[in-house]
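Chemist: My structure is below; once you've seen it, I'll send some questions.
What follows is calculated from the coordinates using simple rules that are stated; it is not laboratory data. Because the structure is a prediction, the values reported are computed rather than measured. Using ideal geometry, Cβ is built from the backbone for each residue, glycine included, and neighbour counts are taken over all protein chains shown.
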């Protein structure tokens, strides 16, 4: 009777990230009720709120608190018949008119309309004065946001709208740039931060209300009002700068399998299976990792932990089996990156630069293809965020997803214009490193639809180093979206359906360019080797997850032995 060695490996992993997490649900606080219904637009001058009533064609000022209630202090009749948006420049209110397609500048103290401007669009839903006093206007079902002259309403510039269902807008000043626009989306219940200078949507917050038709920024606070609930909410925006939001919890069990089988008349002289061991990260808290069988624990040059299963002299019918079980809690995450707050190349640690700026065979940083993209896309840009973001936008537009086997080098993929997720990732890493931004990749197993699902395709994406945050996820493949409001999520965010097992920067000593699982072998004669690797996701049968109390001590339990392990 054969003896079997059965080893269980338990590890409570130390978190490799130390982000300060928040959740949008707790970020916004209800502070006021609207004293009237059918409101569009919101302004707060530090003491009073202002809004319009689209039925009565009136601009209201109101004050109050929850104890004493909220009451109207003053109102003026508007020259329009369907007010749809509102903003304030410190002296005059701007009000848009859906029916007549005009924008009116109102002196609230006197009730006088001092100027009438032609609207650049029909159905304006948001207005915002910028730092120069010009107006920005967004529209429902429009693809652009327009900047118009404060003097005569001439359209000066257009940028991409984050969504087709935008419903309100306001301006937020910037330390180093032209400023930002906060844009509300009634269709997807989001609040987007849009950079005026580049026209890029940076990130979004979840709206605290189902129908945001008023939004206003003042002194680090963002105010949002709701057409449906007649309520006002406020959030401290300074409290989330460069922090990570975690949401959409998934408790799950993941099992990774790999089998090497000798099916021919020859022999497998040596066979090795390398399984990447996951750690706790922003997106995952792992309760237990269990490895079956006899293995050796090693680390590669990127500090990736690997379990190595080996067998020798395998004949027909022999197997080398390996299995890893992981239980844990998985999150969707999204970094709220404020480009003004990002450091420079001097702020990147030298040990990070040394490892994650160097070339490797898949990258070819000196290639004319890579260098020409850097010159064309990055140009004279100095901000690390916008360097990386411009390269993300370029590659998402340039490459179409196509998985045909093999992982070609970055210059070939960029020239060809098609690639798999790994080829997207290698190309992005090459461009970032050539631009002076440290970059690496992570590999994962993926929930494919249902909570209990099978995955043998896997998924890989990049991470870049932005000081003072550290490593953030960038998935160019997932960022291939039409609307900026959808595309921005993939720059700094991932969904809750990934178990990240692998972190690498290039050709790993053990994993090579693979992730999750890697296999190599040597044969004699007609060995006819069969290799199968895949992962299974399943729901946790017990909802009682252990309290996270990480311990780096490894515990081994030895039982019986089988010759092929």
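Chemist: So what is the relative contact order of region 338-491, in percent, for Cα pairs below 8 Å that sit 6 or more residues apart?
Modeler: Numbers: 258 pairs, mean separation 37.7, N = 154.
The value is 24 percent.
Chemist: Oh, and also: Quick one: grab the alpha carbon gyration tensor of region 134-183, order the square roots of its eigenvalues as a ≥ b ≥ c, and give me rounded if a/c is under 1.5, else prolate or oblate depending on whether a/b is larger than b/c. All intermediate terms of the calculation are to be shown ahead of the outcome.
Modeler: Numbers: a/c = 1.94, a/b = 1.13, b/c = 1.72.
Oblate.
Chemist: Sticking with this structure for a sec: If a/c stays under 1.5 just call it rounded; otherwise compare a/b with b/c (prolate if a/b is bigger, oblate if not). Do that for region 365-405, with a ≥ b ≥ c from the square roots of the Cα gyration tensor eigenvalues.
Modeler: Because a/c hits 1.5 or more and a/b fails to exceed b/c, region 365-405 counts as oblate.
Chemist: Ok, one more. May I ask you to derive the FRET efficiency for residue 132 and residue 239 from their Cβ-Cβ distance with R0 = 25 Å, giving the value to the nearest 0.05?
Modeler: Values: r = 29 Å, r/R0 = 1.15.
With a Förster radius of 25 Å, E is 0.30.
Chemist: Over the chain, what is the mean sequence separation of C-alpha contacts under 8 Å (at least six apart), divided by residue count, expressed as relative contact order in percent? Present the calculation step by step, with values, prior to reporting the outcome.
Modeler: On the way: 1505 pairs, mean separation 98.1, N = 565.
After rounding, I find 17 percent.
Chemist: Related question: Along Cα→Cβ, 7 Å out, is where each label goes; now give me the distance between the ones at residue 263 and residue 520 in nm to one decimal.
Modeler: For the pair residue 263/residue 520, the computed spacing is 2.4 nm.
Chemist: Shifting gears a bit: Relative to the longest principal Cα axis of the chain, at what angle does helix 384-398 sit, 0 to 90 degrees, rounded to 10?
Modeler: 80 degrees
Chemist: Kindly express, to the nearest 10 degrees and within the range 0 to 90, the angle between helix 421-434's C-alpha long axis and the longest C-alpha principal axis of the chain.
Modeler: The helix 421-434 is inclined about 70 degrees to the chain.
Chemist: Scale the Cα Rg of region 338-491 by the rule-of-thumb value 2.2 N^0.38 Å and send over the ratio, two decimals. Write down the numbers at each step before the final one.
Modeler: Details: Rg = 15.2 Å, N = 154, 2.2 N^0.38 = 14.9 Å.
Normalised Cα radius of gyration, region 338-491: 1.02.
Chemist: Scan (i) 28.1, 99; (ii) 26.3, 80; (iii) 24.0, 80 for the value of Rg and Dmax of the Cα atoms in Å calculated from this model and give just the label.
Modeler: Computed from these coordinates, Rg and Dmax of the Cα atoms in Å corresponds to label (i).
Chemist: What 222 nm value per residue comes from the helices of the chain, counting each DSSP H run with n ≥ 4 as -39,500 (n - 2.57) and dividing by all residues, nearest 500 deg cm²/dmol?
Modeler: Values: 7 runs with 57 residues, N = 565.
My calculation for the chain gives -2500 deg cm²/dmol from helical runs alone.
Chemist: On to the next question. Determine, for 154, 366, the number of other Cβ atoms within 10 Å of each Cβ, and report the residues in order from fewest to most.
Modeler: 366, 154
Chemist: OK, next. Specify the inter-centroid distance of region 391-454 and region 244-322, based on alpha-carbon positions, in whole Å.
Modeler: Value for the Cα centre distance between the two parts: 23 Å.
Chemist: Starting at 0 and stepping by 5 Å, how many percent of the alpha carbon pairs of region 209-293 end up in each bin?
Modeler: Computed distribution, short to long bins: 3, 9, 12, 10, 10, 9, 8, 8, 7, 6, 5, 4, 3, 4, 2, 0.
Chemist: Sticking with this one: Find the Rg to Rh ratio for region 24-242, where Rh is the Kirkwood radius over alpha-carbon pairs and Rg uses the same atoms. Mind dumping the intermediate values first?
Modeler: Values: Rg = 15.7 Å, Rh = 16.9 Å.
My calculation puts Rg/Rh at 0.93.
Chemist: So how much slack lies between residue 67 and residue 344, counting 0.36 nm per residue of separation and subtracting their Cα-Cα distance, in nm?
Modeler: Details: separation 277, 0.36 × 277 = 99.72 nm, distance 4.85 nm.
Contour length minus the Cα-Cα distance gives 94.9 nm.
Chemist: Separate question: Quick check: the distance between the Cα centres of region 456-532 and region 65-103, to the nearest angstrom?
Modeler: The distance from the Cα centre of region 456-532 to that of region 65-103 comes to 51 Å.
Chemist: For the pair residue 77 and residue 448, how long in nm is the line joining their label points, each one 7 Å along Cα→Cβ?
Modeler: About 6.8 nm, to one decimal.
Chemist: Here is a follow-up. With a Förster radius of 25 Å, plug the Cβ-Cβ distance of residue 100 and residue 211 into 1/(1 + (r/R0)^6) and report the FRET value to the nearest 0.05. Intermediate values should be presented prior to the final figure.
Modeler: On the way: r = 24 Å, r/R0 = 0.96.
Plugging the Cβ-Cβ distance into 1/(1 + (r/R0)^6) gives 0.55.
Chemist: So for region 412-488, averaging the separation of alpha carbon pairs under 8 Å that are six or more residues apart and normalising by length, what relative contact order in percent results?
Modeler: Numbers: 100 pairs, mean separation 19.6, N = 77.
Taking the mean separation of contacting Cα pairs over the length of region 412-488, I get 25 percent.
Chemist: How much length would be gained if the chain were fully extended between residue 290 and residue 109, taking 0.36 nm per residue of separation minus their Cα-Cα distance, in nm to one decimal? Don't skip to the end; give the middle numbers.
Modeler: Details: separation 181, 0.36 × 181 = 65.16 nm, distance 7.13 nm.
Gain in length upon complete extension: 58.0 nm.
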